[in-house]
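The values are calculated or read from the model by the stated rules, or taken from the named source; none is laboratory data. None of the values given here were measured: they were computed from a predicted structure. Please note: Cβ atoms are built from the backbone with ideal geometry, for glycine as well, and neighbour counts cover all protein chains shown.
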Amino acid sequence: MNKFGSKLRELRESKGLLLRQVAAYLETDTAFVSKLERNERKAKREQVLQLAILFESPPNDLLSLWLSDQIYELVNNEEVAVNSLKITLKTIENK
């Protein structure tokens, strides 16, 4: 599962940008951006927000995908994942 990386690649390609152009914008290297797209590296929250600006994408859309990938990675092998997520959702809703 890598919804953030897939979306990142889709947005980059739709804008006609090269990996090196995105890397320059983030002040990082091309390999890092390539690894983000393949889910081999994790972006920081501030980088996600920078990418939303670059791609003229709603920040919450990218943040949601980014956070979803992180949550999935944390719980995907747990038998009680679904139940735990339901409890978490209730907790968040009641906050």
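Quick one: how many residues across region 25-46 are part of a helix (DSSP H, G or I) and surrounded by 14 or more Cβ atoms within 10 Å (Cβ to Cβ)? Steps first, please.
Going through region 25-46, the residues part of a helix (DSSP H, G or I) turn out to be 25-26, 30-37, 45-46.
After this cut, where a residue has to be surrounded by 14 or more Cβ atoms within 10 Å (Cβ to Cβ) as well, the list is 25-26, 30, 32-37.
The total comes to 9.
What is the one condition in (1) under 18 Å from Lys3 (Cα atoms); (2) touching a residue at least 24 places away in the same chain (Cβ under 8 Å) that Leu26 does not satisfy?
So Leu26 meets the others, but not (1).
Can you pull out the residues in region 47-95 that are β-branched (Val, Ile, Thr), surrounded by fewer than 13 Cβ atoms within 10 Å (Cβ to Cβ) and closer than 18 Å to Val22 by Cα?
Result: Ile53, single match.
Only one of these conditions is not met by Lys3: (1) in contact (Cβ under 8 Å) with a residue 60 or more places away in the chain; (2) farther than 21 Å from Glu73 by Cβ. Which number is it?
Here Lys3 clears every test but (2).
Which of the following residues is at pLDDT 95 or above, under 27 Å from Leu89 (Cα atoms) and in contact with a Pro (Cβ under 8 Å, 6 or more places away or on another chain): Leu49, Leu67, Leu8? Let's see the steps before the verdict.
Values: Leu67 fails: in contact with a Pro (Cβ under 8 Å, 6 or more places away or on another chain); Leu8 fails: in contact with a Pro (Cβ under 8 Å, 6 or more places away or on another chain).
After applying the criteria, what remains is Leu49.
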